[in-house]
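Please read the structure below before turning to the comments.
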Amino acid sequence: MRIARWIRLVLVLAIPLSSVAFGKDYTSDECPVVGNTETYIYHVPGDRNYRQMLQENENKKKDNRRCFESRLEAEKAGYRKSHAIKVK
């Protein structure tokens, strides 16, 4: 268990600054897959929480979003797919 936490810490520290949002809303073109850095869950277009994750949460003290180019990239970074029901 400690090894997994250590790996996550290394991955978080290795995130390029260009992939971290600093106070802006994203578009689906800019961020086709968006991950939550607190839960390590990623969302894709059509997921119930995808649009919400693209928008800046001004109530949070830090931005907990991370953009990925693909699902594979998110999974390699240790994220899992959201189980949220797809929007119709």
Quick one: which helices (runs of 4 or more DSSP H) lie wholly within the chain and hold at least 1 residues that are loosely packed, with under 14 Cβ neighbours inside 10 Å and modelled with pLDDT under 95? 2-13, 50-54
Checked pairs for the stretch 36-48, first farther than 14 Å from Lys76 by Cα, second among the aromatic types (Phe, Trp, Tyr) and surrounded by 17 or more Cβ atoms within 10 Å (Cβ to Cβ), C-beta under 7 Å and 6 or more apart or across chains, list as His43/Tyr50; Val44/Tyr50
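The values are calculated or read from the model by the stated rules, or taken from the named source; none is laboratory data. In this text the structure is predicted, and so the values were computed from the model without any measurement. So basically every Cβ, Gly included, is an ideal-geometry build from the backbone, and we count neighbours across all protein chains shown.
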